[in-house]
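Structure record follows, encoded as structure tokens.
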Amino acid sequence: MIEVRNVEKSFGTAKVLKGITTTFDTGKTNLIIGQSGSGKTVLLKSLLGIHTPDSGIISFDGRVLSQMDSDERRELRTEIGMVFQGSALFDSMTVEENVAFPLKMFTQKTPAEIKERVDFVIDRVNLVNAHHKKPSELSGGMQKRVAIARAIVNNPRYLFCDEPNSGLDPKTSIVIDNLIHEITVEYNITTVINTHDMNSVMEIGDKIVFLKEGILAWEGTKKDIFKTDNEAVTDFVYSSNLFKKIRKSQNKEDI
Amino acid sequence: MILLRYLTHIGRYFLMIREVFVKPTKWSVMRGLIFKEIDDLVIDSLGIVCFISFFVGGVVSIQTALNLTNPLIPKYLIGFATRQSVILEFAPTFISIIMAGKMGSFITSSIGTMRVTEQIDALEVMGVNSLNYLVFPKMVALILYPFVIGISMFLGILGGWMGGVYGGFTTSAQFIQGIQTEFIPFHIAYAFIKTIMFAFLLATIPSYHGYYMKGGALEVGKASTVSFVWTSVVVILSNYILTQLLLA
């Protein structure tokens with residue numbers, strides 16, 4: 001479980017996070033949603049330790065991030081898998097080498113053991129005939145699968161995804177969403193996804209944290225999100241015509 | 001304000017150098033990276049270095065010959081001037097300036113692209129010391145840089161010999177006599193001391209500009225240009241300081 005208590009972060013005079021308090025549960029897909037500029041990415045980067053909060057506490061299963069020295073942080077990071085918005089695959093490496101990278105860096109596995117594990121995770125993310133291709137030869141969806149494979153190859157306890165659906169078509173987005181959700185449940189990891197895609201919310205959102213202008217405006221489950229009267233949430237959710245229709249049909253059913 | 005900005009860059013550059021040596025990457029991985037950098041930075045530079053050195057050596061020889069209009073000045077001075085120019089300045093300093101463009105822009109753009117595409121963030125999030133992973137292999141690879149400069153010296157003098165002899169400006173015996181005249185072995189040591197210093201600058205200044213760049217693809221191009229300018233400036237300044245310290 002990841003605990004966030006009263007986290008604040010400013011850049012110059014701009015206060016981006018204004019006292020965020022929440023928890024991200026193990027074995028659950030936790031989504032951070034909100035409009036662009038709401039502080040989602042800053043919160044995610046604060047969780048990852050890329051940004052240091054001005055105040056507040058972030059703890060990973062009781063281990064407080066701000067109390068760790070640089071070695072302890074690096075140790076913690078070996079327990080973290082991250083899927084970046086642009087996949088962030090290493091251009092100079094093949095798919096196989098990208099996925100094997102964390103194992104080569106942080107384990108004492110033999111080349112045969114690494115090969116076996118890499119083949120397993122590449123199969124797990126349903127990548128076919130891509131082992132020896134370079135990232136530039138792959139489609140956006142395939143790159144995301146490689147990024148997920150790389151993120152889970154070293155059995156992380158925590159998985160972070162920044163806009164995993166950006167640039168993907170709706171069908172591929174759903175496949176990627178479901179893949180992340182399946183992996184979360186299968187390996188019992190704490191997954192935190194940063195998104196503004198309402199389809200993802202409906203597909204895989206076990207817990208949803210809604211940010212508005214750096215404030216945690218609402219949190220709940222995907223079932224709750226359609227019932228809430230929180231104006232900030234309804235403004236965001238029903239900005240899509242599709243969800244307006246869902247809302248109307250739900251209201252009719254209630255009547 | 002400008003002074004403060006320069007001081008900030010200088011301070012951050014030295015902090016970067018310190019960070020390069022903290023938490024080293026696993027040797028089995030680092031070994032592969034070093035060989036890759038040797039290939040990218042040293043081997044790939046040999047062609048252009050050989051080409052430029054040979055022809056510039058030839059030009060130095062011809063230019064010297066054309067300026068020796070007084071018949072009292074011995075022709076062996078063509079070989080002497082070529083040797084001195086090539087060994088003392090052309091090979092170590094001017095090849096380094098050319099390498100600031102060739103190697104330097106390669107280093108800045110490759111690291112800068114990794115920054116823009118979040119690959120450096122990916123390394124950091126995984127718990128890898130990205131500075132050690134990216135910069136240290138370049139520093140080690142450029143230990144071979146004096147080897148490149150050695151080849152440049154040899155080809156520069158060979159080009160001078162061919163330009164002088166086959167251009168009909170001097171005889172082979174006169175040119176070789178000039179090469180041997182008043183030869184001071186310390187000049188070779190001086191040239192290689194400079195080369196080692198320049199190798200360090202060539203590996204680290206472009207890395208600094210790539211690593212700390214902000215923005216997108218356009219900024220990668222700008223960072224490469226700025227990196228070339230600053231590497232050249234620092235190479236020239238350190239050339240002056242080392243010459244003052246070692247020869248004056």
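Bear in mind that the values in this text are calculations on the coordinates, not laboratory data. Worth saying up front: this structure is predicted, and the values here are computed from it rather than measured. All Cβ positions, even for glycine, are placed from backbone atoms using ideal geometry, and neighbour counts span all protein chains on display.
So for region B:87-204, averaging the separation of alpha carbon pairs under 8 Å that are six or more residues apart and normalising by length, what relative contact order in percent results?
On the way: 68 pairs, mean separation 63.0, N = 118.
Relative CO of region B:87-204 lands at 53 percent.
Going by how many other Cβ atoms sit within 10 Å of their own, how do B:Val116, B:Val22 line up, fewest first? Don't skip to the end; give the middle numbers.
On the way: B:Val116 20, B:Val22 11.
Result, fewest neighbours first: B:Val22, B:Val116.
Taking neighbour counts of Cβ atoms within 10 Å as a proxy for exposure, in what order, fewest first, do A:Phe210, B:Phe106, B:Phe55 appear?
On the way: A:Phe210 25, B:Phe106 19, B:Phe55 15.
Fewest to most other Cβ atoms nearby, the residues stand as B:Phe55, B:Phe106, A:Phe210.
Sort B:Trp27, B:Trp230, B:Trp161 by Cβ crowding within 10 Å, fewest neighbours at the top.
Working: B:Trp27 9, B:Trp230 19, B:Trp161 23.
Least crowded to most crowded, the residues run B:Trp27, B:Trp230, B:Trp161.
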Separation in nanometres of the label points that stand 7 Å from Cα toward Cβ, at B:Phe35 and B:Ile17: 3.1
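How high is the relative contact order of chain B, given as a whole-number percent (alpha carbon pairs under 8 Å, six or more residues apart)? Kindly include the intermediate steps, with their values, before the conclusion.
Working: 322 pairs, mean separation 85.4, N = 248.
Once divided by the residue count of chain B, the mean separation gives 34 percent.
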Three-way shape label, chain A, alpha-carbon gyration tensor, a/c 1.5: oblate
Fluctuation leader among B:Leu142, B:Leu134, B:Leu15 - chain B, Gaussian network, Cα springs under 10 angstrom: B:Leu15
Overall form of region B:5-55 per C-alpha gyration tensor (a/c, 1.5; a/b vs b/c): oblate
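Anything over 32 Å Cα to Cα? Flag those among A:Lys45/A:Lys222; A:Lys15/A:Lys134; A:Lys171/B:Lys222; A:Lys144/B:Lys102; A:Lys115/B:Lys214; A:Lys45/A:Lys109, in the order listed. Present the calculation step by step, with values, prior to reporting the outcome.
Values: A:Lys45/A:Lys222 24 Å; A:Lys15/A:Lys134 40 Å; A:Lys171/B:Lys222 39 Å; A:Lys144/B:Lys102 34 Å; A:Lys115/B:Lys214 36 Å; A:Lys45/A:Lys109 30 Å.
Distance filter (> 32 Å) returns A:Lys15/A:Lys134; A:Lys171/B:Lys222; A:Lys144/B:Lys102; A:Lys115/B:Lys214.
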Most mobile of B:Ile107, B:Ile73, B:Ile236 in a GNM of chain B (Cα contacts under 10 Å): B:Ile73
Computed over chain A: relative contact order in percent, which uses C-alpha pairs under 8 Å that are six or more apart: 27
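What does the helix-only formula give at 222 nm for the protein assembly as shown: each DSSP H stretch with n ≥ 4 adding -39500 (n - 2.57), the total divided by the residues, and the result rounded to the nearest 500 deg cm²/dmol? Present the calculation step by step, with values, prior to reporting the outcome.
Values: 21 runs with 299 residues, N = 503.
Mean residue ellipticity, 222 nm, calculated: -19000 deg cm²/dmol.
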